[in-house]
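S.K.: Quick one: structure below, then a few questions.
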């Protein structure tokens, strides 16, 4: 049985590329990953999580959102929370149509990908979700630009991009969330940890909040990386298997 397969699927007319990590289990559950704003489906965090979940009998689908990696679209033209939400929903639909995937569905998102998961989860039959460093809102052009400037990325993107694509507020969707594990670095200088506290306070049960003392946005501390991997895999194993 093939355990790692490159897949292409359609999302609003864009052809998106992804990789399915599939365990040697018949019709396993699957987790769909959503990467950060300037990242891609080949991020080390997603690959490591995919390989670990595979050993637990859980498939993982990581893909490049529209305008990123090997997927179609120009980043400055198509990158938005709404577009990425539809990418995730179309990925889930594609996987649900496969005969070799048959279990419950989970979502994983990091940074902007976490916000995408918060946005998509209430519209999908999601059995478990893990988000790390997820923003609840970027309510104005200035807030969005400040967050990206603190990350050290996106220096070539002008203010019109942020105003058009990065102004969002997901606070009204938090009460619809459940089976959610929230991780966040206490010292995250890009997305403040207050976002994680707000998600946890408003989400439904079951839920869990892990604040990593001294942790940054990229989860660069090896001990924090180990904690993330252990907690995320345990959460998915508990609710998907």
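The values are calculated or read from the model by the stated rules, or taken from the named source; none is laboratory data. These figures come from a predicted structure and were not determined experimentally. Every residue, glycine among them, receives a Cβ derived from its backbone with ideal geometry; neighbour counts consider all protein chains shown.
S.K.: Residue 116 - would you say it is under 20 Å from residue 38 (Cβ atoms) and either free of Cβ contacts under 8 Å to residues at least 60 places away in the same chain or under 13 Å from the mean Cα position of the chain (by Cα) (or both)? Steps first, answer last, please.
M.R.: Details: under 20 Å from residue 38 (Cβ atoms): yes; either free of Cβ contacts under 8 Å to residues at least 60 places away in the same chain or under 13 Å from the mean Cα position of the chain (by Cα) (or both): yes.
In short, yes.
S.K.: Which residue out of 66, 17, 62 is in contact with a strand residue (DSSP E or B) (Cβ under 9 Å, 6 or more places away or on another chain) and over 29 Å from residue 137 (Cβ atoms)? Working first, answer last.
M.R.: Details: 66 fails: over 29 Å from residue 137 (Cβ atoms); 62 fails: over 29 Å from residue 137 (Cβ atoms).
Among 66, 17, 62, only 17 is in contact with a strand residue (DSSP E or B) (Cβ under 9 Å, 6 or more places away or on another chain) and over 29 Å from residue 137 (Cβ atoms).
S.K.: Residue 197 - would you say it is at pLDDT 95 or above and either surrounded by fewer than 24 Cβ atoms within 10 Å (Cβ to Cβ) or not in a helix (DSSP H, G or I) (or both)?
M.R.: yes
S.K.: Would you confirm, using the coordinates I've provided, whether residue 5 is without any contact (Cβ under 8 Å) to a residue 60 or more places away in the chain, over 29 Å from residue 173 (Cα atoms), outside any helix (DSSP H, G or I) and in contact with a strand residue (DSSP E or B) (Cβ under 8 Å, 6 or more places away or on another chain)? Let's see the steps before the verdict.
M.R.: Numbers: without any contact (Cβ under 8 Å) to a residue 60 or more places away in the chain: yes; over 29 Å from residue 173 (Cα atoms): yes; outside any helix (DSSP H, G or I): yes; in contact with a strand residue (DSSP E or B) (Cβ under 8 Å, 6 or more places away or on another chain): yes.
Spelling it out, residue 5 is indeed without any contact (Cβ under 8 Å) to a residue 60 or more places away in the chain, over 29 Å from residue 173 (Cα atoms), outside any helix (DSSP H, G or I) and in contact with a strand residue (DSSP E or B) (Cβ under 8 Å, 6 or more places away or on another chain).
S.K.: Report the residue count in the stretch 209-241 for those that are over 27 Å from residue 102 (Cβ atoms) and surrounded by 15 or more Cβ atoms within 10 Å (Cβ to Cβ). Steps first, please.
M.R.: Within the stretch 209-241, the subset over 27 Å from residue 102 (Cβ atoms) is 209-228.
When the remaining residues are screened for being surrounded by 15 or more Cβ atoms within 10 Å (Cβ to Cβ), the result is 209-212, 215-219, 221, 224-225, 227-228.
Qualifying residue count, the stretch 209-241: 14.
S.K.: Based on what the data block shows, is residue 164 modelled with pLDDT under 95 and either on the phi > 0 side of the Ramachandran plot or not in a helix (DSSP H, G or I) (or both)? I'd like the intermediate steps shown before the answer.
M.R.: On the way: modelled with pLDDT under 95: yes; either on the phi > 0 side of the Ramachandran plot or not in a helix (DSSP H, G or I) (or both): no.
For residue 164, the condition - modelled with pLDDT under 95 and either on the phi > 0 side of the Ramachandran plot or not in a helix (DSSP H, G or I) (or both) - is not met.
S.K.: Kindly evaluate residue 203 against the criterion of being touching a helix residue (DSSP H, G or I) at 6+ places or on another chain (Cβ under 6 Å), buried (at least 17 other Cβ atoms within 10 Å of the Cβ) and within 17 Å of residue 115 (Cβ to Cβ). Can you show your working first?
M.R.: Details: touching a helix residue (DSSP H, G or I) at 6+ places or on another chain (Cβ under 6 Å): yes; buried (at least 17 other Cβ atoms within 10 Å of the Cβ): yes; within 17 Å of residue 115 (Cβ to Cβ): yes.
Against the criterion (touching a helix residue (DSSP H, G or I) at 6+ places or on another chain (Cβ under 6 Å), buried (at least 17 other Cβ atoms within 10 Å of the Cβ) and within 17 Å of residue 115 (Cβ to Cβ)), residue 203 qualifies.
S.K.: Which of the following residues is crowded, with 18+ Cβ neighbours inside 10 Å, modelled with pLDDT under 95 and closer than 19 Å to residue 35 by Cβ: 182, 132, 148?
M.R.: Testing whether each residue is crowded, with 18+ Cβ neighbours inside 10 Å, modelled with pLDDT under 95 and closer than 19 Å to residue 35 by Cβ leaves just 148.
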